[in-house]
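The values are calculated or read from the model by the stated rules, or taken from the named source; none is laboratory data. Predicted model, so just to flag it, every value in this text is computed and none were measured. Don't worry about glycine lacking a Cβ; one is built from the backbone with ideal geometry, like all the others, and counts go over all protein chains shown. We work out accessible area using only protein heavy atoms, side chains counted, and drop any ligands, DNA or RNA first. Shrake-Rupley method; radii C 1.70, N 1.55, O 1.52, S 1.80 Å.
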Amino acid sequence: MQFYLVFRNDKPKSKYKKIFWVLKNSIKFNKYDKAFLLENQQYYAALSDTLKKKFEQRLIMILAKKDFYYTRTSNRNKEKMLLLIAAELVQITFGLKYFTIDHFARIEIYKESFYLYNSDIRLSGYTSGSRGFIALSESAYLKSIEDRNDGFNVALHEFAHAIHISGIVDKMYFDDLHQLAWEKYAEKVIASYDCNQTNYLPWYAYKDKDELYACSIEQFFERPLQLQQHLPEAYELLKVLLNQNPIEKASPIEV
């Protein structure tokens, strides 16, 4: 992978500019990348050899099609970080025919939490359907992957939002009936939410259908057995919607 420097306005109508490294669209997946993913990406590592090849092919395409803006202030290995982040997108879309979510051409990675445009709100992740970009905090993502089984992953969360938006915009990711089934389920769950009771998902999952969907997908991949136990209907709906079953680690989808 190769990077080059770019400058862009961090906020509309702002005279201040952020400096980013940008990944060039010329990608090769080599044995060192493979070894790194085998050690650090447990979803990929558990796949059969046939599915590993499919995963690699999709990963190369994602890296080539997206513009990755990486803040220059980070001193981490940007190539390795981008491999991991792009692999999260491959993972969440692995059972789908279409997986590049072209509506979102740009992915921005900040060192720490960042400010939302024209506000004083600091975030660790953000997905903008109107502007077509996804932003992630490097530190929040690293914290997410310290424990791959805790049910929290900021990259999976934001990519879930992006796929949902892409499904609305492009009409090509999810079957309409499956999408409708999830929407009805989400409405039912949110309507019955009681903050005084113990709930399996975090409180913010019940803010709206989009958050319930993104939080459920985090659990679906990081703690599939627990999600199946606590929210079996959610698990079955996501299995159909995403066309995969992460409990079957070697073959989560049909080849």
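Data overview
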| item | result |
| --- | --- |
| Residue, nearest to the chain's Cα centre (by Cα), within the stretch 231-246, restricted to residues that are open to solvent by less than 50 Å² (accessible area, probe 1.4 Å) and not polar (S, T, N, Q) | 242 |
| The listed residue being touching a residue at least 60 places away in the same chain (Cβ under 8 Å), under 22 Å from residue 22 (Cβ atoms), aliphatic (A, V, I, L, M) and assigned to a helix (DSSP H, G or I), out of 155, 140, 160 | 155 |
| Matching residues, the stretch 216-227, being crowded, with 19+ Cβ neighbours inside 10 Å and either out of contact with any Pro (no Cβ under 8 Å at 6 or more places or on another chain) or β-branched (Val, Ile, Thr) (or both) | 216, 217, 218, 219, 222, 223, 227 |
| Qualifying residue in the stretch 183-194 (condition: hydroxyl-bearing (Ser, Thr, Tyr), modelled with pLDDT of 95 or more and outside any helix (DSSP H, G or I)) | no |
| Considering residues of the stretch 98-133 that are assigned to a loop (DSSP other than H, G, I, E, B) and basic (Lys, Arg) only, the residue surrounded by the fewest Cβ atoms within 10 Å (Cβ to Cβ) | 131 |
| Restricting the stretch 80-97 to residues that are part of a helix (DSSP H, G or I) and charged (D, E, K, R), the residue that is nearest to the chain's Cα centre (by Cα) | 88 |
| Those residues of the stretch 49-97 which are polar (S, T, N, Q) and either buried (at least 16 other Cβ atoms within 10 Å of the Cβ) or free of Cβ contacts under 8 Å to residues at least 24 places away in the same chain (or both), in sequence order | 57, 71, 74, 75, 77, 91, 93 |
| Checking residue 250 against (1) in a helix (DSSP H, G or I); (2) in contact (Cβ under 8 Å) with a residue 40 or more places away in the chain; (3) among the aliphatic types (A, V, I, L, M), the condition it does not meet | (1) |
| Among (1) surrounded by 14 or more Cβ atoms within 10 Å (Cβ to Cβ); (2) within 15 Å of the chain's Cα centre (by Cα) - the single one residue 142 does not satisfy | (1) |
| Any chance residue 168 is of a type in the set (Val, Ile, Thr), free of Cβ contacts under 8 Å to residues at least 40 places away in the same chain and over 30 Å from residue 226 (Cα atoms) | no |
| Flag for residue 207 being open to solvent by 40 Å² or more (accessible area, probe 1.4 Å) and free of Cβ contacts under 8 Å to residues at least 24 places away in the same chain | yes |
| Residue count for the stretch 33-62, restricted to those that are closer than 23 Å to residue 98 by Cβ, out of contact with any Leu (no Cβ under 7 Å at 6 or more places or on another chain), in a helix (DSSP H, G or I) and of a type outside the set (Lys, Arg) | 8 |
| Complete set of residues in the stretch 146-181 that are open to solvent by 10 Å² or more (accessible area, probe 1.4 Å), in contact with a helix residue (DSSP H, G or I) (Cβ under 7 Å, 6 or more places away or on another chain) and under 26 Å from residue 41 (Cβ atoms) | 148, 149, 150, 152, 154, 157, 161, 164, 167, 173, 174 |
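So that you can scan it fast, the table gives a plain yes or no per residue for (1) within 16 Å of the chain's Cα centre (by Cα); (2) at pLDDT 95 or above; (3) not charged (D, E, K, R):
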{"residue": "167", "(1), (2), (3)": "yes, no, yes"}
{"residue": "173", "(1), (2), (3)": "yes, no, yes"}
{"residue": "177", "(1), (2), (3)": "no, no, yes"}
{"residue": "217", "(1), (2), (3)": "yes, yes, yes"}
